[in-house]
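Peer 1: My questions all concern the structure below.
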Amino acid sequence: MAKATAEFMSIADIKMGETGPTGRPWPKLPVPAPPDPSVPRRAQIIAMTNQKGGVGKTTTTINLGGALVETGRKVLLVDFDPQASLSVGMGVNLHALKCSIYDLLLRGTDASFDDVVLPSSVPNLDVLPANIDLSVAEMQLVSEMARERCLAKVLDPIRDRYDYILIDCLPSLGLLTINALTAADGVVIPLECEYFALRGMAMLTHTIDRVRESLNPGLSLTGILPTMYDHRTVHSREVLDRVLGEFGDQVFHTVIRRTVKFPETTVAGEPITTYAPSSSGAAAYRSLAREVLARRA
Ligand SMILES: Nc1ncnc2c1ncn2[C@@H]1O[C@H](COP(=O)(O)OP(=O)(O)O)[C@@H](O)[C@H]1O
Ligand SMILES: [Mg+2]
């Protein structure tokens, strides 16, 4: 089995065939060609899911979005957490928000997608914002017809407007997350490189399997993303080795290091790719974007 390497430079400096941070040879990740304008858009929908909080779901949604936009893709970020960290992290003023994803999810309002979607400071990167209203949706959804498909019904009609739709899930495996998994084509699981990282993974993969069997046969695991990796600690490396032992090639080659640049970008209200474009964190999410694009092909 490949062993996590003790140290790695910025991911941008690793060349094909060299040992990557996960101990596997670094794959060929070419600069992505822009999308072919003659092919009609049909967004791939990816849910960022882990029932643990604080593992990097929101950070990954925002920064993967920022990196995909740099490749010429048009991207929608969907805030599906009542905490609204994604909306705040993208600079949305929650107090000025008239309607949110909540208004699209449940019958009873006549808000349309265009009433809710907001442009961000980054061209081609839009946000479907959430606020605390979403916290009651879980309860209200229970009495809806086809209650697992409410988000899919919101997103399917706008697939032709984006290349990627990234859903930032809340830390739970309840009905909102089931809605995200039912709407999605792929799942990215951010996994914090710390001791209890693997706890709960069996429950999460079981939930994904159940949704695939009963609601969404097209759902696949895009990949597992190790986050908050601290190359100076033996501990982080041991956890990464265990994750690789358990999940093998389902683990992305890209590993996200722990750096204060990420909390800073949240305050700045924009992705790291525009806030600190030459940082190693920006390079890491660009590399993830290339892997995500390659795994779609
Ligand atoms: N690679 C990282 N290094 C350091 N801090 C990070 C990193 N990724 C995320 N964070 C910070 O950790 C906290 C939790 O991350 P977040 O993306 O909000 O997780 P989740 O959405 O899973 O709850 C946030 O304050 C965020 O800025
Ligand atoms: Mg979050």
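Just so you know, all these numbers are worked out from the coordinates, no wet-lab data involved. Just so it is clear, the model here is predicted, and its values are computed rather than measured. Reconstructed Cβ throughout: ideal geometry from the backbone, glycine too, with neighbour counts over all protein chains shown.
Peer 1: Would you pick out the residues in the stretch 163-178 that are crowded, with 23+ Cβ neighbours inside 10 Å and among the hydroxyl-bearing types (Ser, Thr, Tyr)?
Peer 2: Residues satisfying the conditions are TYR164, THR177.
Peer 1: Yes or no: ALA47 touching a helix residue (DSSP H, G or I) at 6+ places or on another chain (Cβ under 7 Å), under 22 Å from SER220 (Cβ atoms) and within 16 Å of ligand 2 (Cβ to nearest atom)?
Peer 2: Yes, satisfied.
Peer 1: Next question. Give the residues of the stretch 44-67 that are surrounded by fewer than 24 Cβ atoms within 10 Å (Cβ to Cβ) and charged (D, E, K, R), sorted by residue number.
Peer 2: LYS52
Peer 1: Applying the selection to the stretch 69-126, what residues are of a type in the set (S, T, N, Q) and within 23 Å of VAL292 (Cβ to Cβ)? Break it down into steps so the answer makes sense when it comes.
Peer 2: Applying the first criterion (of a type in the set (S, T, N, Q)) to the stretch 69-126 yields 71, 83, 85, 87, 93, 100, 109, 112, 120-121, 124.
Matches in the stretch 69-126: THR71, SER85, SER87, SER120, SER121, ASN124.
Peer 1: Check the stretch 133-151 and report whether any residue there is out of contact with any Cys (no Cβ under 9 Å at 6 or more places or on another chain), under 29 Å from ILE256 (Cβ atoms) and within 16 Å of ligand 1 (Cβ to nearest atom).
Peer 2: Looking for residues that are out of contact with any Cys (no Cβ under 9 Å at 6 or more places or on another chain), under 29 Å from ILE256 (Cβ atoms) and within 16 Å of ligand 1 (Cβ to nearest atom), one finds at least one in the stretch 133-151, hence yes.
Peer 1: Tell me, please, whether a residue that is surrounded by 15 or more Cβ atoms within 10 Å (Cβ to Cβ), more than 15 Å from the chain's Cα centre (by Cα) and within 16 Å of ligand 1 (Cβ to nearest atom) can be found in the stretch 68-80.
Peer 2: Taking every residue of the stretch 68-80 in turn, none turns out to be surrounded by 15 or more Cβ atoms within 10 Å (Cβ to Cβ), more than 15 Å from the chain's Cα centre (by Cα) and within 16 Å of ligand 1 (Cβ to nearest atom).
Peer 1: Which fully enclosed helices (runs of 4 or more DSSP H) of the stretch 213-297 have 1 or more residues being without any contact (Cβ under 8 Å) to a residue 40 or more places away in the chain and more than 16 Å from ligand 2 (Cβ to nearest atom)?
Peer 2: On the way: elements: 234-247, 261-268, 272-275, 280-296.
Because the criterion is at least 1 residues that are without any contact (Cβ under 8 Å) to a residue 40 or more places away in the chain and more than 16 Å from ligand 2 (Cβ to nearest atom), the helices (runs of 4 or more DSSP H) in the stretch 213-297 that meet it are 234-247, 261-268, 272-275.
Peer 1: For the stretch 71-130, give me the residue count where each residue is small (Gly, Ala, Ser), part of a loop (DSSP other than H, G, I, E, B) and touching a Leu at 6+ places or on another chain (Cβ under 9 Å).
Peer 2: Step one: list which residues in the stretch 71-130 are small (Gly, Ala, Ser), which gives 72, 84-85, 87, 89, 91, 96, 100, 108, 111-112, 120-121, 130.
Checking which are part of a loop (DSSP other than H, G, I, E, B) leaves us with 72, 84, 91, 100, 108, 111-112, 120-121, 130.
Filter again for touching a Leu at 6+ places or on another chain (Cβ under 9 Å), leaving 84, 100, 111-112, 120, 130.
Number of matching residues: 6.
Peer 1: Mind checking whether some residue in the stretch 30-43 is crowded, with 19+ Cβ neighbours inside 10 Å, within 16 Å of ligand 2 (Cβ to nearest atom) and of a type outside the set (Asp, Glu)?
Peer 2: no
Peer 1: Further question: Which members of the stretch 137-191 meet the condition of being hydrophobic (A, V, I, L, M, F, W, C) and free of Cβ contacts under 8 Å to residues at least 24 places away in the same chain? Don't jump to the end; show me each part of the working.
Peer 2: Narrowing the stretch 137-191 to residues hydrophobic (A, V, I, L, M, F, W, C): 137, 139, 141-142, 145-146, 150-152, 154-155, 158, 165-167, 169-170, 173, 175-176, 178, 180-181, 183-184, 187-189, 191.
The answer is MET139, MET145, ALA146.
Peer 1: Of all residues in the stretch 53-90, how many are closer than 22 Å to GLU138 by Cα, touching a Gly at 6+ places or on another chain (Cβ under 8 Å) and not hydrophobic (A, V, I, L, M, F, W, C)?
Peer 2: Residues that pass the stated criteria total 1.
Peer 1: Just checking, does the stretch 216-238 include any residue being under 20 Å from PRO32 (Cα atoms), touching a strand residue (DSSP E or B) at 6+ places or on another chain (Cβ under 9 Å) and away from ligand 1 (no atom under 12 Å from the Cβ)?
Peer 2: Scanning the stretch 216-238 turns up at least one residue that is under 20 Å from PRO32 (Cα atoms), touching a strand residue (DSSP E or B) at 6+ places or on another chain (Cβ under 9 Å) and away from ligand 1 (no atom under 12 Å from the Cβ).
Peer 1: Let me ask something else. Go through PRO226, PRO217, PRO190 for me and flag whichever is surrounded by fewer than 18 Cβ atoms within 10 Å (Cβ to Cβ) and at negative phi.
Peer 2: Just a single option satisfies the conditions, and that option is PRO217.
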